[in-house]
1. Could you give the semi-axes, largest first, of the ellipsoid that matches segment 144-250, computed as the square roots of 5 times the alpha carbon gyration tensor eigenvalues and rounded to whole Å?
2. Assuming a ≥ b ≥ c are the square roots of the Cα gyration tensor eigenvalues, decide whether segment 116-200 counts as rounded (a/c under 1.5), prolate (otherwise, with a/b larger than b/c) or oblate.
3. Give, as ranges by residue number, the residues of segment 160-199 whose backbone N falls under 18 Å from the point 7 Å along Cα→Cβ of ARG309.
4. Distances over 32 Å make up what percent of all Cα-Cα pairs in the chain?
5. Explain nothing, just the number: dipole magnitude of the chain about its Cα centre with +1 on each Lys and Arg Cβ and -1 on each Asp and Glu Cβ, in debye rounded to the nearest 20.
6. If I model segment 63-184 as equal point scatterers sitting on the Cα atoms and use the Debye formula, what is log10 I(q)/I(0) at q = 0.12, 0.13, 0.20, 0.21 Å⁻¹?
7. Can you give me the Cα centroid spacing of segment 90-167 and segment 245-276 in angstrom?
8. So who's got an amide H within less than 5 Å of the one on GLU123, skipping anything under 5 residues away but keeping other chains? H placed 1.01 Å off N, in plane.
Amino acid sequence: MTRPTCLQSLGSILALATVLCIPVAVWPASLPPQATIAPEPTSAVHALASGNPLRVALGEALFSDVRLSGDGRRSCASCHDLATNGASGVKRDLAPDGQPLPLNTNTVFNAALSYRLDWAGQERSLEEQARVSMTRLDVMALTPEAAAERLGAHPGMARRFREAYGRNPDAAALLDALASFERTLVTPGSRFDRWLEGDAGALTPEELDGYRRFKAAGCMSCHQGVNVGGNLFQVHGLFRTVGTPEPRMLRVPSLRNVAATPPYFHDGSAATLEEAVHVMAVAQLGRDLPNPQVGQITAFLRSLTGTYRDRPVSAPLP
Ligand code: HEC
Ligand code: HEC
């Protein structure tokens with residue numbers, strides 16, 4: 001390797017200086033609009049690339065098919081109401097034996113955008129999650145294998161599987177169809193998303209203050225990414241546990257559509273959004289937020305409600 005001469009070094013320093021200086025010299029007086037907006041730690045929800053329509057339609061039919069449950073009396077839709085919030089309105093839904101489930105029901109809306117699923121984030125894909133939902137004795141209580149066999153006995157269903165998958169019903173096709181449908185359950189169109197995409201009037205000044213406060217208070221260090229959550233693990237209660245202590249490590253939940261999904265937390269222990277925000281500030285940030293600030297933050301959170309099939313996501317009637 002040859003050592004650069006003094007002149008060569010001077011030359012490269014000058015070249016570097018020129019490179020550095022030129023952009024300064026020609027920097028426009030006003031920045032282009034997009035450069036004036038600080039990058040946000042989240043982004044708008046958009047429909048995902050649509051899967052094979054036959055598989056999506058089959059998954060939609062299966063989602064509300066009671067033949068997928070052991071006792072033939074419940075379907076996924078029994079706890080995940082797609083006409084309202086993609087979940088239910090109770091603290092904890094019931095197992096077939098009438099006992100409350102250990103945890104509150106998550107919404108299926110936007111679940112496809114979270115990197116792990118369920119409160120404790122133990123599943124990595126919708127297919128895996130669907131297998132768990134089916135097999136759990138307190139949820140559907142039927143293995144996908146047994147459900148596929150059952151469906152195969154119905155000529156109409158068997159035909160739909162053959163059309164969509166080229167074979168008779170089996171567990172893999174069943175789980176794939178459910179997951180294909182679930183990937184369509186995203187809710188674009190919230191006012192916050194319209195604001196993120198440049199419609200400055202989409203949020204009221206109070207909601208915008210709430211968003212700034214949400215970031216400044218540190219909420220967004222955990223609730224971030226496209227789902228405003230759903231992409232990190234955290235213990236619940238860095239400063240104080242939230243409700244029942246177990247499970248201790250949770251996937252930070254998404255706050256999309258949060259205004260429509262009371263009650264809150266893994267055990268459904270907070271009835272209102274205001275209460276949930278209060279508890280969060282104490283539990284995760286060690287701060288007692290004054291009511292006006294809680295009001296601003298909840299105003300912001302209410303702007304995160306999107307639409308499913310052109311209808312706003314809504315809380316189920318009590
Ligand atoms: C009896 C009520 C009930 C039924 C029926 C039910 N679920 Fe759930 N679902 C829940 C509960 C409770 C959770 C949270 C489970 C946990 O964290 O342990 C959940 C979580 C989920 C999630 C995770 C969402 C997220 O953001 O992580 C998905 C996806 C889901 N269910 C899909 C389904 C599918 C598909 C079916 C039908 C095969 C189904 N569920 C049937 C109650 C139910
Ligand atoms: C250290 C991480 C962390 C921080 C900081 C944090 N959260 Fe959370 N948030 C969580 C976790 C984990 C949960 C789930 C808690 C549970 O269910 O017990 C949660 C749950 C919630 C819920 C309930 C969601 C639901 O569907 O039940 C709301 C609302 C919420 N947070 C808002 C906030 C607000 C507002 C702030 C700021 C004041 C905040 N969070 C700060 C991690 C955090």
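Derivation of every value follows stated rules applied to the coordinates shown; laboratory data play no part. Computed from a predicted structure; not experimentally measured. Note: ideal-geometry Cβ built from the backbone for every residue, glycine included; neighbour counts use all protein chains shown.
1. Working: eigenvalues 361, 106, 17 Å².
Ellipsoid half-lengths, sorted descending, are 42, 23, 9 Å.
2. Values: a/c = 3.49, a/b = 1.76, b/c = 1.98.
Oblate shape, in that a/c is at least 1.5 and b/c is the bigger or equal ratio.
3. 178-189
4. Values: 19792 of 50403 pairs.
Everything past 32 Å amounts to 39 percent.
5. Numbers: 30 positive and 30 negative charges, 88 e Å.
With Lys and Arg at +1 and Asp and Glu at -1, about 420 debye.
6. -0.43, -0.50, -1.18, -1.29
7. 22
8. LEU117
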